[in-house]
Amino acid sequence: MKMLEITQGQADSVFESLSQKYRIIAPVEKPGEGRFSNTSLLTYDQAKSFKEIDFFKKTYFSPKEVLFPVRESLFEFKKSDIHELQEEIQPSIVFLRACDINAVGITDAHFLNNEKFKDVYYGRRRNLVKLFLIECKESFESCFCVSMGTNKSEDYSGFMRKVDNGYEIKVKDEELIPYFSQGKQKDVEPVFVEKDTSPLIIPKEIDVSLFKDDIWKEYSKRCSACGRCNTSCPTCTCFTIGDVLSEDSSDSGQRRRIWSSCQVKNFGLLAGNHDFRIPKGDRMRYKVLHKIRDFRKRTGFNMCVGCGRCDDVCPDYISMFKCIEKINQITDKKETNE
């Protein structure tokens, strides 16, 4: 382990050395690409220097695309042959807040923690990614990571803090320590947020009677089923599989997987034209209860990390936070009546 403080000039040298091997993926500002005209978008992309990284604001979308691309070719096929695509993947360093580091752990549980069915495509990328922690001293608006228990993490290769004259750094990964040969020694520890702006109680038990509660009818009226909540979420990993034929020959092509969403039409469509969760409120119920009930029953921890991005991006102003609050109220009322 190594802890030190480096100047901006020394940081530029470190970045140049790291860039010879790693892509540096971090929150960066994209002018003119915001939600409204002449606004910027803070999102995850390859940084060209440490100066480009925004250490103080929350990104609009999650960084999951680094490990789980929107579109990914799995293998190529011809009429008489199938062979796996050997895509060259560059090692990456990704700057994440504690909630997103916890989200990576949840995605690992999806794709890697089943010994019989490990996802080799995800695993290949995961093995080439090192995580750098960005601290959160205070909660952002719409965040509730403390309530979800995802406000802290020790699962990082390094930590970096922007200070007036440079950066304070803690490096735990032995492979990365040689890159940080400059600077002066200094004790550096990350500070983690200890209190949500609005604390939230996560229900420990949810009775199946909630599945038919009128709360979901309200969401059927409000939700436009756009799926933005899923694409912005760092732990949503649903995908669909499709074969894309070559333009030159109908006997060859690629099998690809593409992000999907439990909120969009036909997500629950099965063979024989049997469709499940047709009302939009039923899809909302599926998503929310999967995040705070079903996944926990299998793994022992919640799937939601409380980053609040689904609230930030929803065009219909539907809030995951408020939905969980309503579930608590319904659960408390039922227990009182009993």
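The values are calculated or read from the model by the stated rules, or taken from the named source; none is laboratory data. The structure presented is a predicted model; accordingly, all values stated were derived computationally and were not measured. Cβ placement follows ideal geometry from the backbone for every residue including glycine, while neighbour counts extend to all protein chains displayed.
Of note:
- Reported count of residues in segment 261-288, each being out of contact with any helix residue (DSSP H, G or I) (no Cβ under 8 Å at 6 or more places or on another chain) and crowded, with 17+ Cβ neighbours inside 10 Å, is 2.
- Residues that are free of Cβ contacts under 8 Å to residues at least 40 places away in the same chain and in contact with a helix residue (DSSP H, G or I) (Cβ under 9 Å, 6 or more places away or on another chain) were ranked within segment 17-44; the one that is nearest to residue 134 (Cα to Cα) is 28.
- Which listed residue is in a loop (DSSP other than H, G, I, E, B), β-branched (Val, Ile, Thr) and buried (at least 16 other Cβ atoms within 10 Å of the Cβ), from 237, 231: 237
- Selection of segment 18-33 for residues being farther than 19 Å from residue 313 by Cβ and either surrounded by 19 or more Cβ atoms within 10 Å (Cβ to Cβ) or at pLDDT 95 or above (or both) yields 18, 19, 20, 21, 22, 23, 24, 25, 26.
- Whenever a residue of segment 219-234 is in contact (Cβ under 8 Å) with a residue 12 or more places away in the chain and charged (D, E, K, R), its partners that are outside any helix (DSSP H, G or I) and surrounded by fewer than 16 Cβ atoms within 10 Å (Cβ to Cβ), lying with C-beta atoms within less than 9 angstrom and at least six residues away or across chains, give the pairs 222/316; 222/317; 228/315.
- Subset of segment 142-200 (residues that are touching a Phe, Trp or Tyr at 6+ places or on another chain (Cβ under 6 Å), of a type in the set (D, E, K, R) and touching a residue at least 60 places away in the same chain (Cβ under 8 Å)): 162, 170, 196
- Residues that are more than 16 Å from residue 110 (Cβ to Cβ) number at least 3 in the following helices (runs of 4 or more DSSP H) confined to segment 264-331: 280-289, 309-313.
- The helices (runs of 4 or more DSSP H) located wholly in segment 70-158 include none with 2 or more residues which are of a type in the set (Lys, Arg) and within 30 Å of residue 197 (Cα to Cα).
- Residue ID - nearest to residue 146 (Cα to Cα), chosen from residues in segment 240-258 that are in contact with a Gly (Cβ under 8 Å, 6 or more places away or on another chain) and surrounded by fewer than 15 Cβ atoms within 10 Å (Cβ to Cβ): 258
- Looking across segment 52-74, just one residue is touching a helix residue (DSSP H, G or I) at 6+ places or on another chain (Cβ under 7 Å) and more than 24 Å from residue 121 (Cβ to Cβ), and that is 60.
- Looking across segment 196-228, the residues that are acidic (Asp, Glu), part of a loop (DSSP other than H, G, I, E, B) and over 20 Å from the mean Cα position of the chain (by Cα) come down to 205, 207, 213, 214.
- Among the residues listed as 15, 36, 61, the single one being modelled with pLDDT under 95 and surrounded by 13 or more Cβ atoms within 10 Å (Cβ to Cβ): 61
- Residue that is surrounded by 11 or more Cβ atoms within 10 Å (Cβ to Cβ), among the basic types (Lys, Arg) and under 19 Å from residue 152 (Cβ atoms), where the choices are 186, 172, 217: 172
- Lone unmet requirement of (1) touching a Leu at 6+ places or on another chain (Cβ under 8 Å); (2) over 30 Å from residue 165 (Cα atoms); (3) among the aliphatic types (A, V, I, L, M) for residue 109: (1)
- Identity of the residue in segment 39-58, within 21 Å of residue 179 (Cβ to Cβ) and small (Gly, Ala, Ser), that ends up surrounded by the most Cβ atoms within 10 Å (Cβ to Cβ): 47
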